[in-house]
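Data first, discussion second: the structure below is written as structure tokens.
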């Protein structure tokens, strides 16, 4: 009974959080709504499912990995935002991938 209730409440909470961020996005602007929708929502969904499947130690490693990878994430999408309007999809994604891979080795130093 308790497990069934938890299985119903967790997705409902996550859906409510998503709807709240989406509703408030017009007043927050694109930058803040983008930041609030990606990192916290993604982190919450991954943390809950990882906790259920693998336990707390795995969640700690997962969160550390997310923080370590945020530089690559930012480099990828910054490159896409600047290149897509002028250079098209293929070149923009290729350069964005290279930018993310170039930033990735520095991620471990940012979290030390």
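The values are calculated or read from the model by the stated rules, or taken from the named source; none is laboratory data. The model shown is predicted, which means the values in this text are computed figures rather than measured ones. Neighbour counts run over all protein chains shown; Cβ positions are idealised from the backbone, glycine included.
Being at pLDDT below 85 and surrounded by 14 or more Cβ atoms within 10 Å (Cβ to Cβ) holds for only one residue in 45, 59, and it is 45. Given the structure, is residue 93 over 30 Å from residue 9 (Cβ atoms) and at pLDDT 90 or above? Taking the combined requirement at face value, the residue satisfies it.
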